[in-house]
Amino acid sequence: MTGTELRAQNPIIRDVFTADPAPLVYHDTLFLYTGHDTASVKETNYKMPDWRVYSTTDMKHWKDYGTRLSVKTFAWATGDAYAAQCVEHNGKFYWFAATFQRNADPNNKVGNRGAAIGVAVSDRPTGPFKDAIGHALITNDMTLDQKHGWDDIDPTVFIDDDKQAYLYWGNGSCRWVKLKDNMTELAGPITVFKPKNYIEGPWVYKRKKLYYLVYASAGTKPEMIEYCTAPSATGPWTYQGIIQGNVPNSGTTHPGIVDYKGKSYFFYHNGSLPTGGNFRRSICVDYMYYNPDGTIKPIVQTTQGVAPVK
């Protein structure tokens with residue numbers, strides 16, 4: 001832990017490029033799990049070697065724990081550290097991470113077997129984390145509805161009131177599956193569906209009696225954020241519309257939603273830092289508001305961010 005404090009001003013993290021925010025509230029602390037963009041200004045693709053952790057207790061000062069998980073944590077993995085989410089269950093912390101699966105032939109150093117989702121586990125929200133099962137939980141050959149190799153990305157995990165855990169993920173289509181109580185095995189078949197304008201980056205949560213599926217979308221290009229609601233974690237999902245427009249200087253955006261100390265927060269990324277861009281992104285946070293019927297009001301993107309809380 002470096003103990004570095006960062007000003008609460010969008011983007012909230014300014015010393016490195018971060019993407020794909022995943023907030024988690026544990027006790028009185030908000031932990032933020034992020035991707036890490038290290039591509040140079042001239043590079044034209046992602047370069048994402050690891051995932052990082054930050055925390056706050058006042059939404060103003062952010063503690064930087066540095067890298068807490070890497071593609072190298074998974075012996076079966078190769079390539080980039082795509083979007084990930086950490087959740088707490090039965091006193092342990094499970095970090096579901098999207099990366100790529102190595103070729104079966106260890107001498108074949110070219111290419112990979114497609115995107116895959118692994119699970120790391122720790123007794124603490126900041127680690128150390130280790131590979132929970134020694135192999136990928138989701139592999140490219142388990143989902144054949146999409147023909148491209150990077151469709152098994154962007155995991156989000158939702159744990160319902162009855163403690164049943166659900167994993168959602170996917171690029172091009174959205175998939176969900178029940179997880180066993182150990183969080184490292186599938187408890188049923190994979191279901192594939194495609195919400196309106198869906199691209200990737202699902203985030204699932206429950207508020208009052210309504211379930212929300214928020215995702216990066218193709219409402220216009222580049223990506224926006226749209227959402228659906230449902231009476232259960234498995235649907236049926238009703239499309240509700242666009243809540244976030246395009247973000248500055250980035251073709252992608254990615255939702256991370258949490259309630260903390262009486263307010264609702266919407267985390268996302270853009271490319272607004274100096275020398276930022278599509279592959280050098282930065283995490284921001286703004287307020288999230290609901291209408292009386294549970295629908296979400298449009299997100300107002302700001303440069304000032306959110307106010308401190310006690």
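Here are the numbers for this structure:
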| item | result |
| --- | --- |
| Phe100 long-range amide H proximity, modeled H, under 5 Å | Thr78, Asp80, Ala116 |
| 5 angstrom amide H check on Gly219, placed H, neighbours 5+ away | Met224 |
| Size-normalised alpha-carbon gyration radius of the range 147-231, reference 2.2 N^0.38 Å | 1.10 |
| Distance in nm between pseudo-label sites at Ser40 and Lys72 (7 Å out along the Cβ direction from Cα) | 2.1 nm |
| Among the listed pairs Lys72/Lys147; Lys60/Lys194; Lys42/Lys130; Lys92/Lys194; Lys47/Lys206, those beyond 29 Å (Cα-Cα) | Lys60/Lys194; Lys42/Lys130; Lys92/Lys194; Lys47/Lys206 |
| Under Karplus coefficients 6.51, -1.76 and 1.60, residue-wise ³J(HN,Hα) of the range 283-292 in Hz, glycine/proline x | 7, 10, 9, 9, 6, 10, 10, 10, 7, x |
| Note, ³J(HN,Hα) from phi for the range 271-280, Karplus 6.51, -1.76, 1.60, rounded to Hz, x at Gly and Pro | x, 8, 5, x, 6, x, x, 4, 10, 9 |
| Euclidean distance between Cα centres, the range 233-310 to the range 123-191, Å | 23 Å |
| Base-10 log of normalised Debye intensity for the range 266-310 (one unit scatterer per alpha-carbon) at q = 0.17 Å⁻¹ | -0.60 |
| Cα coordinate range in the range 147-189, projected on the principal axes (Å, largest first) | 35, 17, 14 |
| Accessible area per residue in Å² at 1.4 Å probe, computed on the chain | 43 Å² |
| Accessible surface of the chain [probe 1.4 Å, protein heavy atoms]: carbon and sulfur percent | 51 percent |
| Amide H contacts of Tyr211 (H built 1.01 Å from N, under 5 Å, at least 5 apart or other chain) | Ala230, Ser232 |
| Table column - 3J(HN,Hα) (Hz), the range 161-172, Karplus curve with 6.51, -1.76, 1.60, x for Gly and Pro | 4, 8, 6, 6, 9, 10, 10, 10, 6, x, 10, x |
| Ratio Rg/Rh, restricted to the range 198-287 and using Cα atoms, in which Rh is the Kirkwood radius | 1.00 |
| Cα-based equivalent ellipsoid of the range 52-150: semi-axis lengths in Å, sorted from largest, via gyration tensor | 28, 14, 13 |
| Gain upon complete extension [His61, Leu210; 0.36 nm per residue less C-alpha separation] | 50.4 nm |
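The values are calculated or read from the model by the stated rules, or taken from the named source; none is laboratory data. The structure displayed is predicted, hence computed values, not measured ones. All Cβ positions, glycine included, derive from the backbone under ideal geometry; neighbour counts span all protein chains shown. Heavy atoms of the whole protein, side chains included, go into the accessibility calculation; ligands, DNA and RNA do not. Shrake-Rupley method; radii C 1.70, N 1.55, O 1.52, S 1.80 Å.
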